[in-house]
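The structure appears below as structure tokens.
What follows draws every value from the coordinates through simple rules; no lab data is involved. Since the model is a prediction, treat every value here as computed from it, not as a measurement. Using ideal geometry, Cβ is built from the backbone for each residue, glycine included, and neighbour counts are taken over all protein chains shown.
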Amino acid sequence: MRDQFALFVYYHETDIKIGSSVKIMTMYIGYRGIANKILLYVVLCLISMAILFPIVWMLLSSFKTDAEALRSPITWFPHNPTVENYVKIWQIKPFLLFFLNSIIAAGGTASISTIIGCLAGYGFSRFMFFGRTFLIGLFLVTQMLPGVLFIGPYFKILSFTHLYNTRIGVIIAYVTLCLPFCAWMSKAFIDTIPKELDESAMIDGGSRLTVFFRIVMPLALPGIAATFIFGFLLAWQDLLLVSALTYSESLQTVTLGIARLIGEFRVRWTMLMAGSLVGMMPAIVLYSIMQRHLVKGLSVGAVKG
């Protein structure tokens, strides 16, 4: 009887110890998870502050006068806020024309690159042909080269074809830079669409183009949105190519117009900040409208291909 009682006490104490150890481990894991989350949020907050600080500083400086912006020590907030800088940028420069040029260049680049890129991506995704892998790799290699290397060839080609200092010439230059990446992104997304859908549609009498436009394109809408935004932003934010391939003020884009606010003897910092913020608005609006499709398209393109 004593042996049975001792055995019962032994097992009972063992269960208590095991239960206490499990409870301690659970609490440790829980506290460790909370600490990791706190650390993650702190890091994300620091990164967000580093990204947003220049934009906030631009916003505050755009409401200052020239004298206050150059004052030392600096003032974080404007003492006498003014919207004069936002009014002046439209008066001293034809920014409305600059916006029109940017919209034409960016919209044309995005539209052409998206259409041709989707067709190329569909071909790479659905057909096996000699040199396919080499061409796909070559597309990626072109993205590793800095754009400044192409200025000389672009200048010679556009001058020879009488497209220098024209909107068409600028769009052609943008498309050649944007198209390889758009084709790669389109291929990665079209790869996720089952080929059986193409085959079923072709059995019902549909041609390849019918399948592409009526079956593949609607299903690949997030990828199309991602490629369109990429092409639009590439052309919208460019300064190097448009400054090298145009010389007329009537063909200047927003970025070039803002850059020309920097004079030989004076930099209009407050107007520069105001113009930069105004120039950001179309890209921000477009991204906000198509953000859901963009994130989905980029995430799929990152794991497929």
**Asked** Exposure proxy check: F230, F130 ranked by fewest other beta carbons within 10 Å?
**Response** F130, F230
**Request:** Using only C-alpha positions, report the orientation-averaged shadow area of the convex hull of the stretch 120-262, nm², one decimal.
**Result:** 10.8 nm²
**Item:** Simple spin-label estimate for W76 and I151 in nanometres, 7 Å along Cα-Cβ
**Value:** 4.0 nm
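Using the Kirkwood formula over every pair of different C-alpha atoms, what hydrodynamic radius in Å results for the stretch 47-191?
On the way: mean 1/r = 0.0516 Å⁻¹.
Final number for the Kirkwood radius of the stretch 47-191 is 19.4 Å.
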**Request:** Take the Cβ-Cβ distance between V141 and M202 as r, set R0 to 30 Å, and report the resulting FRET efficiency rounded to the nearest 0.05.
**Result:** 0.35
